[in-house]
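The values are calculated or read from the model by the stated rules, or taken from the named source; none is laboratory data. Here the structure is a predicted model, which is why all the values come from computation and not from measurement. Counting neighbours? That spans all protein chains shown, and the Cβs are built from the backbone with ideal geometry, glycine included. Accessible surface is based on the protein model in full, side chains and every heavy atom, while ligands, DNA and RNA are left aside. Shrake-Rupley method; radii C 1.70, N 1.55, O 1.52, S 1.80 Å.
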Amino acid sequence: MLLKFSLEPAQLTTWLDTWLHSNLPAWAALAIEFVLVGIALLTAYAVLALMLIYVERKITAFFQARYGPNRVGKWGIIQSVADMIKILIKEIIHVKKSDRFLFFAAPFFMIVASMLTFGAIPFGYKLHAIDFNIGVFYVIAVSSLGIIGVLLAGWSSNNKYSMIGAMRSGAQFISYELSAGFALMTVVVLSGTMSFSKIIEGQAYIHQWNIIAGHVPAIIAFIIYLISGHAETNRGPFDLPEAESELTAGYHTEYSGLQFGFFYLAEYLNMFIVASIATTVFLGGYNPVMIKGWDGFNEVMSYIPSVIWFFGKAMFLVFLSLWVRWTFPRLRIDQLLNLEWKYLLPVNMVNILLMVGLVLLGWTLK
């Protein structure tokens, strides 16, 4: 194994684990570690959301030939923090004739589903909260819980526009979840495992990255996963559930203050989660760009921390997502569903069979 990953956060976590277990009882050390991991995940969740909001506003401004945020802090870099403080102190408006319990519970379904998925992402070498041996299946399962929050928000608001937005979102999410799942299963067939860490281990060199090793079926799966993931996050041109001209804000029209902030955070983090999973299963995850036989080049690449490689690849996919959002016009609901059921899903099913054939014949680069 040529990977060195100098200056890795894994070194700090290993040292902390050793120190805690040598000075405290096992149960106390584990309890402290669980709390620290939870705090780290929540902090990373919030900071990433603020960064993505700022990045999107700047990239959008670039596409539209304007400046974007440029007043609060240098280059407007503190604008997202100011917006966060503003939304935290805003009044939460109570909606008459709404189902109070479900109305307040809906945002938590969104946040919890997003956090559960976020916690399974391998951000770097030995830097993930938990590594399930069925990681791909786990991510597909828990990410699907978010739709419960959307449907509850629309129904409990007692608002016809919110309900229409929730039904649209439900139809869209459930439809595109199928294609996203089949695309990931195509990679599982290629890798022979559902564990994210083992999938990444099998992509040490660039020619072993799944998008290259799996030939055309892997490329097709990658494209379909990006389209499906983009649609699941309700981002344009798939933003029918939040079509302002028709439904004001869609399923979260009646939400205000921190409750609206939960939906807002989950939307941006889901965009990053889709990019992170695509990075992990198709683009080598946190592995550097290494070419077999180029020992000098590989030596240099291995000194760049794995966290930088992971975030670099993920943010490139986030940029592609934003590029698509601000380039194409919004689809109609019939066009959106036709794209999934008449094109993506049939292509996906044939594609997974092609991948099975490639693996059985031994024609992959693994």
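Computed over segment 282-364, the range of Cα coordinates on each principal axis works out to 53, 40, 16 Å, biggest value leading. Rolling a 1.4 Å probe across the protein heavy atoms gives the chain an accessible surface of 50 Å² per residue. Largest accessible area first, the listed residues M271, M115 line up as M115, M271 when surface is computed with a 1.4 Å probe on the assembled protein chains.
The simple Förster model, with R0 at 45 Å and r as the Cβ-Cβ distance, assigns S22 and W326 a FRET efficiency of 0.30. With n ≥ 4 as the cut-off for DSSP H runs, can you work out [θ] at 222 nm for the chain, using -39500 (n - 2.57) per run divided by the number of residues, rounded to the nearest 500? Theoretical 222 nm ellipticity from helices: -22000 deg cm²/dmol.
On the full set of protein chains, 1.4 Å probe, figure out the accessible area of W341 and give it in Å² to the nearest 10. Roll a 1.4 Å probe over it and W341 shows about 120 Å². Among the trypsin sites (Lys or Arg not before Pro) found in segment 50-87, those both in a DSSP coil and sparsely packed, with 11 or fewer other Cβ atoms within 10 Å of their Cβ, are R66, R71.
Exceedance of the 27 Å cut-off in Cα-Cα distance is limited, within the set K58/K313; K90/K313; K313/K342, to K90/K313; K313/K342. Measuring nothing but how far apart in sequence close Cα pairs (under 8 Å, 6+ apart) lie, relative to its length, the chain scores a relative contact order of 23 percent. Among the protein heavy atoms, those of H230 account for about 20 Å² of accessible surface (1.4 Å probe, every chain in place). Just checking the listed ones, S156, S144, S98: in the Gaussian network model of the chain with Cα springs under 10 Å, the one fluctuating most is S98.
Orientation-averaged projection of segment 207-365 equals 11.8 nm² [convex hull of Cα atoms, one quarter of hull surface area].
Given a cut-off of 26 Å, name the pairs among K126/K292; K86/K126; K86/K160 whose C-alpha atoms lie farther apart than that in the structure shown. Over 26 Å Cα-Cα: K86/K126; K86/K160.
Counting every alpha-carbon pair across segment 98-195, the share separated by more than 15 Å comes to 67%.
Distance between the C-alpha centres of segment 60-96 and segment 148-179: 27 Å, rounded to the whole angstrom. The stretch between K86 and N133, if pulled fully straight at 0.36 nm per residue, gains 12.7 nm over its current Cα-Cα span. When each full DSSP H helix of the chain is screened for a Cα extent of at least 20 Å along its own axis and an average Kyte-Doolittle hydropathy of at least -1.0, the helices passing are 9-23, 26-63, 100-118, 160-191, 215-232, 257-282, 306-325, 345-361.
Only protein heavy atoms count here; under a 1.4 Å probe, I223 has an accessible surface of about 90 Å². Looking at the chain, what % of the alpha carbon pairs are farther apart than 34 Å? Summing the P(r) of the chain above 34 Å gives 31 percent of all pairs. Only protein atoms count toward the accessible area here, which uses a 1.4 Å probe; on the chain, the carbon and sulfur part of that area reaches 73 percent. Taking 0.36 nm per residue of sequence separation and removing the Cα-Cα distance, the V356/S256 pair yields an extension gain of 31.1 nm.
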